[in-house]
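Presented below is the structure to which this report refers.
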DNA sequence: ATAACAATTAAACGATTGCTTAATTGTTGA
DNA sequence: TCAACAATTAAGCAATCGTTTAATTGTTAT
């Protein structure tokens, strides 16, 4: 990307030189994709505040355990949550990482904006 | 949601009483959905920093104008960007609202975390 | 051993999403 | 008036996504 069809804004040309790589946009959008589904967001919200087993998570979000398992897999694959096995159960909670903390903060901020007590 | 299959965590029951309505999760996840697509995120990133016409945006993100028009429609529908018509061209830029400012801030934060100068 | 239960995996599906091509609207300048 | 151009809209399509049902793995208690 070097040539623009029109040139009404000097600012834009300079800006394009600082534009991040496509890969960065892909990574960042993938992070937002993790919380772009209402069910997954609800699960993550829960795990930001407690540690729970799959059955309880499923009951809390009113969804089947395979469905919940699927979402947990995605969140875990992204490193946002961790799991711990104890007996028959697997307990999930938010990962203790900078990325997870940032996502938590971001989620809270948007909940706040949607003006709910939170 | 009142009954949990198991009860290993007192915390959870109390937490569930403070859980936001389903509608809130839907709204918040929809906001993240806006920036969960790499192309749309790239367009929004541009419009956070400049004002441009459709053709220039299309050139900058290397995509057809119908495709860009489609994304602009979604972002505008959500109130994140505004448009201004001048002659044959329509110029888009970030909306001057609290919500748009928050999204901008959030996007910047995640770009930072992906450790790119930004 | 086996029965009960928690969790995951797999296959199938319906719905949504993002892009393409083609047609349409609206504006400017010849 | 007409030709060129910017933008939007519409229809169609492939790919992705989220859920369901069914089967499977693994653990505990009888």
Residue pairs qualifying under the 6 Å Cβ cut-off, at least six apart or on distinct chains, with the first in segment B:88-106 being within 16 Å of DNA strand C (Cβ to nearest atom) and the second being assigned to a strand (DSSP E or B), are B:89/B:53; B:90/B:83; B:91/B:53; B:91/B:84; B:92/B:81; B:92/B:83
Scan segment A:53-69 and tell me whether some residue there is buried (at least 16 other Cβ atoms within 10 Å of the Cβ), under 19 Å from residue B:15 (Cβ atoms), touching a strand residue (DSSP E or B) at 6+ places or on another chain (Cβ under 7 Å) and at the interface with chain B (Cβ under 7 Å from one of its Cβ atoms). yes
Report yes if some residue within segment B:27-44 is within 11 Å of DNA strand D (Cβ to nearest atom) and more than 7 Å from chain A (Cβ to nearest Cβ); otherwise report no. no
Scanning segment B:85-118 residue by residue, the ones that are within 16 Å of DNA strand D (Cβ to nearest atom), out of contact with any helix residue (DSSP H, G or I) (no Cβ under 7 Å at 6 or more places or on another chain) and within 12 Å of chain A (Cβ to nearest Cβ) total 5
With respect to residue B:16, determine if the residue is in contact (Cβ under 8 Å) with a residue 60 or more places away in the chain and more than 18 Å from residue A:19 (Cα to Cα). no
Q.
Among the residues of segment A:73-80, are any farther than 24 Å from residue A:108 by Cα, in contact with a helix residue (DSSP H, G or I) (Cβ under 6 Å, 6 or more places away or on another chain) and surrounded by 18 or more Cβ atoms within 10 Å (Cβ to Cβ)?
A. no
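Computed from the coordinates by the stated procedures, all read-outs in this text should not be read as laboratory data. Keep in mind the model is a prediction, meaning the values are calculated, not measured. Neighbour counts are summed over all protein chains in view; Cβ atoms, including those assigned to glycine, are modelled from backbone coordinates with ideal geometry.
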